[in-house]
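Participant: So that we are looking at the same thing, I have put the structure below in structure tokens.
Laboratory data are not the source of any read-out in this text; all were calculated from the coordinates shown. Predicted model only: the values in this text are computed from it and were never measured. When we count neighbours, we look across all protein chains shown, and the Cβ atoms used for this are built from the backbone with ideal geometry, even at glycine.
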Amino acid sequence: MVVDVKNVSWRRDDRLLLKQIDWQIAEGEHWALLGLNGSGKTTLLNMINGYIWATEGKVSVLGHEFGSVDLRELRKSIGWVSSSLQERLYMTDRTQNIVVSGKFATIGLYDQPDAGDMERAVALMERLGAGHLVDRQYQTCSQGEKQKLLIARALMADPKLLILDEPCNGLDVFSREQFLAGVKQIIEAPNAPNLIYVTHHIEEIIPAFTRTLLIRSGEVYRSGDTREVLTSETLSEFFHAPVEVEWRYGRAWMKVNSE
Ligand SMILES: Nc1ncnc2c1ncn2[C@@H]1O[C@H](COP(=O)(O)OP(=O)(O)OP(=O)(O)O)[C@@H](O)[C@H]1O
Ligand SMILES: [Mg+2]
């Protein structure tokens, strides 16, 4: 098991924000995670990263049960890309230094990378279509370019689990397609990490995400095969609103009936 969340609840100031969550991710599986604003997605991911502790239940990640593992070591095997990370990085750093810092899991570069590390950072940037950004200041990059740098940074540590929390925010449709093609390549490469992909847009769930978890008000509403979960019927019930799902090119597209 890559992730094993058993009967997990999380209480904060009298609010139960996660309720008896069960979620198992097996080796080789890639999951999409869907839920409305405030449903608990990021909270659940914070728990998988060990930033918050379950009030009840058990969490194991990469075979280590929380409570008996050095979290700083474990986190080196988990890549996490989110907009909050994007804001925490140093704006004047050179792009390739941002990428190479992923090896040390630090914000800013304190350890001395060797020539091999630098080469690898540049190779990862090229692989993600960000090769032309070498030597630029991070703050001069566009939203989509920053997102690519963050993924290159996450891959630098050779993670076993890669979490992408709404990675396509701020991308135009074509950059988004290009980005998703990059995600597909990451998944298809040898020794690929297991991916968790959080989104509000179901068409971003490319076929490699064969499993989907629906979360509502801190509870698992449904989890299973993406093809079976992303249907008009299930999502209309899930959102409490009539929606139409159409499958095209191996991806689901959703229309909202707003009349
Ligand atoms: N540390 C905290 N203290 C109090 N409430 C919190 C804390 N962290 C999260 N919450 C609350 O828990 C709920 C779930 O938040 P979370 O960030 O997990 O939502 P989300 O599903 O990631 O939403 P979004 O799609 O907007 O990113 C929200 O109501 C949020 O305000
Ligand atoms: Mg969130």
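Participant: Can you give the extra length, in nm with one decimal, that the chain gains between Ser217 and Glu246 once fully stretched, where that is 0.36 nm per residue apart less the Cα-Cα distance?
Facilitator: 7.9 nm
Participant: Provide the gained length on full extension for the span Met1 to Thr140, in nm with one decimal, where the gain is 0.36 nm per separating residue minus the Cα-Cα distance.
Facilitator: 46.0 nm
Participant: Using a ≥ b ≥ c from the Cα gyration tensor of the stretch 1-42 (square roots of the eigenvalues), is it rounded, prolate or oblate, where a/c under 1.5 gives rounded and otherwise the larger of a/b and b/c decides, a/b for prolate?
Facilitator: oblate
Participant: Given a Förster radius of 30 Å and the C-beta distance between Glu87 and Trp253 as r, what FRET efficiency does 1/(1 + (r/R0)^6) yield to the nearest 0.05?
Facilitator: 0.45
Participant: Another question about this same structure. Using +1 at the C-beta of Lys and Arg and -1 at the C-beta of Asp and Glu, which of Met125, Leu149, Pro207 has the Cα lying farthest in the positive direction of the dipole of the stretch 89-218?
Facilitator: Pro207
Participant: How long are the semi-axes of the equivalent ellipsoid of the chain, defined as square roots of 5 times the Cα gyration tensor eigenvalues? Whole Å, largest first.
Facilitator: 30, 23, 16
Participant: Hey, which lysines would be in cross-link range of Lys41, C-alpha to C-alpha under 18 Å, not counting anything within fewer than 8 residues on its own chain?
Facilitator: Excluding near neighbours in sequence, the set is Lys6, Lys19, Lys58.
Participant: Neighbour counts of other C-beta atoms within 10 Å: give me Tyr249, Tyr221 arranged from fewest to most.
Facilitator: Starting with the residue having the fewest Cβ neighbours, the order is Tyr249, Tyr221.
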